[in-house]
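See below for the structure under consideration.
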Amino acid sequence: MQTKYIILLGVVGVGGVVAYMYMKNKEAQNALLTGSLPATNQGGATTPSGTTTPTGGATTTTPTGGSTTPPLSTTSDGVSPSDANVNLANATILVAEIKAIDKEYATPFKGERKIIGSTGFGITNETPEYKAYNRMRATYKIRREPKVTALAKLGYKLDAIGSLVRI
């Protein structure tokens, strides 16, 4: 039960990082579209607002007035998130969820299957825990297949040993 919470905490943490990167990129795109920030060019060419100079992977635009604006869509470490990075992060989250479902399915039931006694008609009652276990086993494919499909849409798949592979 404790590893379940650790996996859940990891999934939530990775999801938070992905959401932060997505929102940071979205804010920069919105600012660029509204015209509040000047466009930069990775090639070092001149833009209408001034000159562009590359600085350590990110570009800054120096307007003709001489002030420097911050680079567009970069995180605090100066790395710009790309679609490939976001897809990889999302794929990693999906793999963790798929592995959790697989582990849950492979875990054998430990406990009492039937309640002691009977209903009087020769039918024995199953414990609520065993009913929940059977429900989990019955819905395994229903819970797993959408995640595998979403993983394929991102351009990844799981190999035979459960490792993430780019398609």
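The values are calculated or read from the model by the stated rules, or taken from the named source; none is laboratory data. Everything quoted here is computed from the prediction, not taken from an experiment.
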Determine if segment 98-109 includes at least one residue that is among the aromatic types (Phe, Trp, Tyr), over 28 Å from the mean Cα position of the chain (by Cα) and at pLDDT 70 or above.
yes
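Looking only at residues in segment 110-167 that are among the acidic types (Asp, Glu) and over 30 Å from Asn90 (Cα atoms), which one is modelled with the lowest pLDDT?
Applying the first criterion (among the acidic types (Asp, Glu)) to segment 110-167 yields 112, 126, 129, 145, 159.
Checking the rest, the ones that are also over 30 Å from Asn90 (Cα atoms) come to 112, 126, 129.
Numbers: Glu112: 77, Glu126: 80, Glu129: 87.
Going through the qualifying residues, I end up with Glu112.
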